[in-house]
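Taking it in order: structure first as structure tokens, then the write-up.
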Amino acid sequence: MSFVCRFAPSPNGPLHLGHAYSALVNHAAAGAASGRFLLRMEDIDTTRCRPEFEQGIIDDLAWLGILPPTPPRRQSLHFADYAAALARLEALGLLYPSFETRTEIARAVLAREAAGASWPRDPDGAPLYPFSRQSLPEATRERRRLAGEPYVLRLDMARACALVGAGLSSPLSSPLSSPLSWREAVAGPLAPPVNVPAEPMRWGDVVLARKDVPASYHLAVVVDDHVQGISHVIRGRDLYAATAIHRLLQLLLALPDPVYHHHRLVLDGEHRKLSKSTGAASLAALRAAGASPDEVRALIARGLEADAA
């Protein structure tokens, strides 16, 4: 099997040291395996992603000396791929539109907690969707959807897991004889993988699309990795638990499963994950201040030491 990995940033802001580390790990793994290193622009959110940020990403990777030779895949040019995946899931009876606003969902969670029981959270700490597919009749949901009301498309997680657990040969790529799992290269991107149990039910009825956004991250990343022929997904360990959703979707869509490696995160001086929202220093700013690629690598090493502390 040929080795193919990718770096997949969202062009909604400048890259920081955490992005640089992930790109460098992918590039090094591809080199060590005599494989291919690809670039993907996860620009499905067309309201926040901008051409100048995409150009900044390209400039940063070129400055680090790791810009892939092939043009990037841009999600905004492949909405039809995500629509086809959604249609397949809908044909299986696994999707339903929900119409509650974020405020309504938050109020429902508070009401349940006020009744004396803590409401379950997903692995990222967000409350699970407090309603269900049975909260509204299917005919009512379809009528409201056709009327143009704002909605999101949710995966009926219980039904999806039941379908996978049934071990059917269709639409699955093969019958399941063991619990759902994914292959994780724990010791490094090129290490032999081990099976990790996947628990998608912990995420509840996740959103896979919105009325005005053709796919969520979970759906788009699974489709994109398949289309680009990714053999190894190398990304931060903040996405470790979400791999359970991705493995479930791969089975439902009859897609092959890549090997995963979730690398350490680069943390700031206060042991927080670097992010655009917290104003992490950008590569462009470091470059403008006179930093060299080697100095950026040294800064990354310090952030990794903070992660290990």
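Of everything in the range 180-200 that's surrounded by 15 or more Cβ atoms within 10 Å (Cβ to Cβ) and aliphatic (A, V, I, L, M), which residue is farthest from Leu39 (Cα to Cα)? Here the answer is Leu180.
One line per residue, one yes/no per condition, for (1) touching a Cys at 6+ places or on another chain (Cβ under 9 Å); (2) surrounded by 13 or more Cβ atoms within 10 Å (Cβ to Cβ):
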| site | (1), (2) |
| --- | --- |
| Ile58 | no, yes |
| Ala62 | no, no |
| Pro68 | no, yes |
| Ser76 | yes, yes |
| Phe79 | no, yes |
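Residues are listed down the side, and each one gets a yes or a no for (1) in contact (Cβ under 8 Å) with a residue 40 or more places away in the chain; (2) buried (at least 22 other Cβ atoms within 10 Å of the Cβ); (3) out of contact with any Phe, Trp or Tyr (no Cβ under 9 Å at 6 or more places or on another chain); (4) not assigned by TED's automatic domain parsing to the domain that holds Ala280:
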residue	(1), (2), (3), (4)
His16	yes, yes, yes, no
His19	yes, yes, no, no
Phe37	no, yes, no, no
Asp45	yes, no, yes, no
Glu52	no, no, yes, no
Gln55	no, no, yes, no
Gly65	yes, no, yes, no
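The single condition among (1) modelled with pLDDT of 95 or more; (2) part of a helix (DSSP H, G or I) that Ala301 does not satisfy is (1).
Counting only residues that are more than 14 Å from Glu90 (Cβ to Cβ) and either touching a Cys at 6+ places or on another chain (Cβ under 9 Å) or not hydrophobic (A, V, I, L, M, F, W, C) (or both), the range 199-223 holds 12 of them.
From the list Asp224, Asp238, Asp212, exactly one residue is surrounded by fewer than 18 Cβ atoms within 10 Å (Cβ to Cβ), under 22 Å from Ser10 (Cβ atoms) and in contact with an Asp or Glu (Cβ under 9 Å, 6 or more places away or on another chain). Which is it? Just a single option satisfies the conditions, and that option is Asp238. The residue pairs whose first member lies in the range 227-241 and is closer than 21 Å to Ile300 by Cα, whose second member is in a loop (DSSP other than H, G, I, E, B) and modelled with pLDDT of 95 or more, and whose beta carbons are closer than 6 Å, counting only pairs six or more residues apart or on different chains, are Val233/Pro258; Ile234/Pro189. Filtering the range 87-123 to residues that are more than 16 Å from Ala209 (Cβ to Cβ) and either surrounded by fewer than 11 Cβ atoms within 10 Å (Cβ to Cβ) or of a type in the set (Lys, Arg) (or both) leaves Thr101, Arg102, Thr103, Arg107, Arg112, Ala114, Ala115, Gly116, Ala117, Ser118, Arg121. Residues in the range 137-163 that are crowded, with 18+ Cβ neighbours inside 10 Å, closer than 30 Å to Pro197 by Cα and basic (Lys, Arg): Arg154 alone.
The values are calculated or read from the model by the stated rules, or taken from the named source; none is laboratory data. The structure presented is a predicted model; accordingly, all values stated were derived computationally and were not measured. Every residue, glycine as well, gets a Cβ built from its backbone with ideal geometry; the counts of neighbours run over all protein chains shown.
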